[in-house]
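Trainee: Structure in structure tokens, see below.
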Amino acid sequence: MAGSLTADQTAQFADEGYLVVRGLLDRESDLAPIMTEYAGVLDRLVDRLVDEGQLSQRYEDLPFADRVTAVFAETGKDHTQHFDFSLPQASTKPDTPFWTGPAVFSLLTHQGILDVIESLIGPEIWSNPVQHVRLKVPEQLMPPDPATGRPRNVATPWHQDNGVVTAEADQTQMITVWLPLGDTDRDNGCLMVKPRQHRSGLLPHCPGNSPSGQRRGGIGGLAIPGTHLLGETVDLPMAAGDVLFMHRRTPHAAHRNTSDRLRWSFDLRYQPTGQPSGRDAFPGFVARSAVDPSAVLTDPDAWAQSWLEARARVSLERPTGFNRWRTDAEVCA
């Protein structure tokens, strides 16, 4: 199989369920355009919040990360959806904000990332629409959630990415790609993984509003019950430019951000073209093809339009089939 990985790297991914490729992305040529693009998104958000009286000042003298933190902290709200390049699973409206700019599309189609993916699944590569930007503000700077009295930016619970898609995609050879846009460590919320546990298959997950989820402090999303988490835990501090590749069934989580620094990251998904995405309501695209190169999407405007059309459709149809887990399952009691 072609691609950029060595035999040892491919073996590590197969054996351990994850692989960190250090320095795969260049800070200036690959990451700086994304930061510039997102600075514009933040400018527009700040203008609106000031006009609406939700923000007392523009914080325009601060660098991006500190400015995000200041805006989130003063408003007491998480505005990540304005920066995200996907839609929420519930409550999507015709005007739900998202960002699908050309610099983000350029990263999704980055040839270095696709070269690694090709080493793992072959040259027929589909960009799966389960993709997000994460802006994890230092939790001590955010007001507590009035509904729970607890910090808003808590640790990301243990889960498998296979667990957040529908059952039809259980056999899809989905690869998770996670990358920080700034340096990450244990203090500001780096990821941690359970090596070799991808061999245990799909584990049960409990919704955040299940009894198990409430005991965790009302953390949203899905989480693997602690009794199903086995083996050692490996922390993965990473520098901007490093990229993590994970098997779809590798259990992983993130530490709390107890620092005074923003943790800013992307997580992307890729799979062989033609296999179920597990998120039919959202659009993916052919990112690479040896069989039919003409099928590859190269137009960032067409990608952005596909998400505009999805937002219009989802806001009317209200799809419900995003995951298969129940709050009343015995394992979640």
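Trainee: Enumerate the calculated ³J(HN,Hα) couplings along the stretch 284-298 in order (Karplus 6.51 cos²θ - 1.76 cosθ + 1.60, θ = phi - 60°), each rounded to whole Hz, writing x wherever the residue is Gly or Pro.
Mentor: x, 7, 6, 9, 7, 7, 7, 6, 9, x, 5, 7, 5, 7, 10
Trainee: Extending each Cα 7 Å along its Cβ direction at Asp43 and Arg199, get the distance between those two points in nm, one decimal.
Mentor: It works out to 5.3 nm between the two label points.
Trainee: Among 106-116, 52-62, how do they line up from the highest to the lowest mean number of other beta-carbon atoms within 10 Å?
Mentor: So the peptides 106-116, 52-62, ranked by packing, come out 106-116, 52-62.
Trainee: Between Glu309 and Ala7, what is the label-to-label distance in nm when each label sits 7 Å out along the Cα-to-Cβ direction?
Mentor: Here the answer is 4.6 nm between the modelled labels.
Trainee: Next question. Do the sum for the chain: with -39,500 (n - 2.57) for every DSSP H run of n ≥ 4, divided by all residues, what is the mean residue ellipticity at 222 nm, to the nearest 500 deg cm²/dmol?
Mentor: Computed ellipticity for the chain at 222 nm equals -7500 deg cm²/dmol.
Trainee: Then there's this: Which length gain, in nm to one decimal place, applies between Asp61 and Arg326 when the Cα-Cα distance is subtracted from 0.36 nm times their residue separation?
Mentor: 90.7 nm
Trainee: If you don't mind, another one. Can you tell me how the stretch 216-301 classifies by the Cα gyration tensor, rounded, prolate or oblate, using a/c under 1.5 as the rounded cut?
Mentor: Taking the square roots of the gyration eigenvalues as a ≥ b ≥ c, the stretch 216-301 is prolate.
Trainee: Compare the Cα positions of Pro143, Ala302, Phe64 along the charge dipole of the chain (+1 at Cβ of Lys, Arg; -1 at Cβ of Asp, Glu; about the Cα centre) and return the one farthest towards the positive end.
Mentor: Of the options given, the answer is Pro143.
Trainee: Quick query: amide H of Asp183 versus all other amide H atoms, modeled in the peptide plane; which residues come in under 5 Å with a sequence gap of 5 or more or a different chain?
Mentor: The list, which skips near neighbours in sequence, is Ala240.
Trainee: Something else: Could you give each residue of the stretch 226-239 its phi-based ³J(HN,Hα) in whole Hz, using Karplus coefficients 6.51, -1.76, 1.60 with θ = phi - 60°, and x for Gly or Pro?
Mentor: Along the stretch 226-239, the couplings run x, 5, 9, 9, 10, x, 6, 10, 10, 6, 10, x, 9, 9 Hz.
Trainee: Could you sort the peptides 278-287, 324-333 by per-residue average Cβ neighbour count (10 Å cutoff), highest mean leading?
Mentor: 278-287, 324-333
Trainee: Taking a ≥ b ≥ c as the square roots of the eigenvalues of the Cα gyration tensor of the chain, is the shape rounded (a/c under 1.5), prolate (a/b larger than b/c) or oblate?
Mentor: rounded
Rule-based calculations on the coordinates, nothing more; no lab input. Everything numeric in this text was worked out from a predicted model, so none of it was measured. Every residue, glycine as well, gets a Cβ built from its backbone with ideal geometry; the counts of neighbours run over all protein chains shown.
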